[in-house]
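A quick write-up on the structure given underneath.
The values are calculated or read from the model by the stated rules, or taken from the named source; none is laboratory data. If you're wondering where the values come from, they're calculated on a predicted model, not measured in any experiment. For neighbour counting, all protein chains shown are included, and Cβ atoms are generated from backbone atoms with ideal geometry for every residue, glycine included.
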Amino acid sequence: MAERWPQALERFRREFERVGGVLHRVATPSGVPGVLGRIARERNAQRLVAWHPGALGMDWNAALAHEGIAVASMPDGAVMDDAEHQRLRSLTAEADLGLTGVDLALAETGTLVLRSGRGRPRSTSLLPPYHVAVFDRGALVESLQQVGAFLEAWNARDDGFGGMVNFITGPSRTADIELTLTRGVHGPKEVHAIFVETPFREGAGPPSLPNARETDG
């Protein structure tokens, strides 16, 4: 992927937009808050809940506050009681925007793959009406076959992540018996991805494939 990432990103863009996602590109991590600010203003959104900065790979809280967004970051995974857990769950449910990172961005289907774990609860991508995910080239993969290899590698390692892996392919959709399509009933009604051209998630990318030659597809 060191050489093929531009082609993989273009394929991801096509497939992601085909399923209703919106892809944004910025040159450096410092451009992320501006995109989030524009998304928020266009939707009259003011409250954002985010993964812990350590899970995101960057701390954008101060810059987002400058954009007029009230930010609540998830804790880093310290043990909490039931009352605190419920408070955070309510905070997430009431937020307008959910900000997450991305573990894998699958070009073949335009899918975002997110692992749960410390500082990165899956509710952040599921409860707010607008989900925004930030990634760089380290998350890009080309095929479902490669994703399977990563899942095996993750399963073999005790790296502190949770047991849940979310595959997000576009906004939430549901239809009634008359096939009237509605977005956002069981999850976000909009999904945005921000691609940062300058890699910023040092040490946070996917593990090496067990056998790259077998998984090229």
> Could you list, in sequence order, the residues of the range 20-51 that are out of contact with any helix residue (DSSP H, G or I) (no Cβ under 9 Å at 6 or more places or on another chain), modelled with pLDDT of 95 or more and over 13 Å from P129 (Cα atoms)?
Replying inline: A27, T28, P29, G31, V35, R38, R41, E42
> Looking at the range 126-145, is at least one residue among the hydrophobic types (A, V, I, L, M, F, W, C), assigned to a helix (DSSP H, G or I) and buried (at least 20 other Cβ atoms within 10 Å of the Cβ)?
Replying inline: yes
> Taking into account only those residues within the range 93-116 that are at pLDDT 95 or above and of a type in the set (S, T, N, Q), which is surrounded by the most Cβ atoms within 10 Å (Cβ to Cβ)?
Replying inline: T100
> In this structure, is G162 part of a strand (DSSP E or B) and at pLDDT below 95?
Replying inline: yes
>> So, restricting to helices (runs of 4 or more DSSP H) that lie completely within the range 45-105, which ones have at least 2 residues that are small (G, A, S) and touching a residue at least 12 places away in the same chain (Cβ under 8 Å)?
In response: 53-56
